[in-house]
Amino acid sequence: MRKKIVAGNWKMNKNFEEGMALTSEVVNMVKDEVSHEKVTVILIPPFVHVHPVAALAKGTPVLVGAQNCHQEANGAYTGEISAGMIKSCGATHIILGHSERRMYFGETNALLASKVNTVLSNGLTAIYCCGETLEQRNANKHFEVIESQVKEGLFHLDAEQMKQIVIAYEPVWAIGTGVTASTQQAQEVHAFIRQLLVAKYGKDTAESVCILYGGSVKPDNAAELFSQSDIDGGLIGGAALQSRSFVDIAKAC
Ligand code: PEP
């Protein structure tokens, strides 16, 4: 049985003081209220907070991630951050290919494939995002889009490497809009992704990969989404900016 994951992507929110307060609240609530056998909780703050958040979470079950990294190990890339730097600050996970990165920063599947490699070569876990726009869904192209995102970003990996990947299905039309994919819509896409993994890597590997849902997850819709057989938790945006709602989502696992 896959252990569920609830990861909170703060995006470009929270100054230092606010970020530390949110971390302390989440860490304390998780210790008291969340079953660690059932769910792994991950905080994913902006880069500048990764080290202090990891320091506050050290020795607790809460893990820490980053929202992006550069594909190279180091060098003359002013303003960029490498996976090795992120690891040295105490993080274990890196989000890759969030739709905001694809949309605003032109990240392609090919670029993401090389970022996946650098994350894995540092012994970290990549949370690889995929998902269709509203236009693509309305044109009934969502399966096609997701298939190419998954295949082009991940299918160069071998089965052992694939086990180090978490996939997040995030329909772009559901991110930050308050509109959630219905439980059936989400489960249908998650099962489709799982089938892609089965066809390429076999059942054992496919069954070991966590597939998270992201897109306006809130405490009141989390339990139903997470009850689906191929939905292994959530990547949470807005509701992760507040300790109570984030921890309540983790408790819904
Ligand atoms: C996200 O950006 O990954 C996300 C799922 O955001 P929200 O929960 O706010 O829709």
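The values are calculated or read from the model by the stated rules, or taken from the named source; none is laboratory data. All values reported here derive from a predicted model rather than from experimental measurement. Using ideal geometry, Cβ is built from the backbone for each residue, glycine included, and neighbour counts are taken over all protein chains shown. Protein only, heavy atoms only, side chains kept; ligands, DNA and RNA dropped before computing areas. Shrake-Rupley method; radii C 1.70, N 1.55, O 1.52, S 1.80 Å.
Conditions (1) among the polar types (S, T, N, Q); (2) out of contact with any Cys (no Cβ under 7 Å at 6 or more places or on another chain); (3) more than 27 Å from THR23 (Cβ to Cβ), marked per residue:
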{"residue": "ALA139", "(1), (2), (3)": "no, yes, yes"}
{"residue": "ALA159", "(1), (2), (3)": "no, yes, yes"}
{"residue": "GLY202", "(1), (2), (3)": "no, yes, yes"}
{"residue": "LEU212", "(1), (2), (3)": "no, yes, no"}
{"residue": "SER227", "(1), (2), (3)": "yes, yes, yes"}
What pairs come up if the first residue lies in the stretch 191-218 and is within 21 Å of HIS156 (Cβ to Cβ), the second is more than 16 Å from the ligand (Cβ to nearest atom) and among the aromatic types (Phe, Trp, Tyr), and their beta carbons are under 7 Å apart, counting only those six or more places apart or on different chains? PHE192/PHE143; LYS200/PHE155
Could you tell me whether the stretch 92-103 includes any residue that is within 16 Å of the ligand (Cβ to nearest atom), open to solvent by less than 70 Å² (accessible area, probe 1.4 Å) and out of contact with any strand residue (DSSP E or B) (no Cβ under 9 Å at 6 or more places or on another chain)? yes
Considering each residue of the stretch 216-227, count those that are in a loop (DSSP other than H, G, I, E, B), within 16 Å of the ligand (Cβ to nearest atom) and modelled with pLDDT of 95 or more, and give that number. 2
If you check every pair at least six apart or on different chains, which have Cβ atoms under 8 Å apart with a residue in the stretch 96-108 that is under 16 Å from PHE47 (Cα atoms) and part of a loop (DSSP other than H, G, I, E, B) first and a residue that is open to solvent by 70 Å² or more (accessible area, probe 1.4 Å) and of a type outside the set (Gly, Ala, Ser) second? none
Could you look through the stretch 240-253, keep only residues that are open to solvent by 10 Å² or more (accessible area, probe 1.4 Å) and within 11 Å of the ligand (Cβ to nearest atom), and pick out the one that is farthest from the chain's Cα centre (by Cα)? SER245
Take ASP230 and tell me if it is farther than 19 Å from THR125 by Cα and more than 11 Å from the ligand (Cβ to nearest atom). yes
Only one of LYS141, LYS115 that is of a type in the set (D, E, K, R), in contact (Cβ under 8 Å) with a residue 40 or more places away in the chain and farther than 28 Å from SER24 by Cα: LYS115
Limited to the stretch 162-179, what total is found for residues that are hydroxyl-bearing (Ser, Thr, Tyr) and open to solvent by less than 40 Å² (accessible area, probe 1.4 Å)? 1
Quick check: anything in the stretch 184-206 crowded, with 21+ Cβ neighbours inside 10 Å, within 16 Å of the ligand (Cβ to nearest atom) and either of a type in the set (S, T, N, Q) or not in a helix (DSSP H, G or I) (or both)? no
Mind listing just one residue for me: the one in the stretch 22-81 that is touching a helix residue (DSSP H, G or I) at 6+ places or on another chain (Cβ under 6 Å), of a type in the set (Val, Ile, Thr) and in a loop (DSSP other than H, G, I, E, B) and, of those, surrounded by the fewest Cβ atoms within 10 Å (Cβ to Cβ)? THR60
Regarding SER24, is this residue at pLDDT below 95 and either over 16 Å from the mean Cα position of the chain (by Cα) or within 16 Å of the ligand (Cβ to nearest atom) (or both)? no
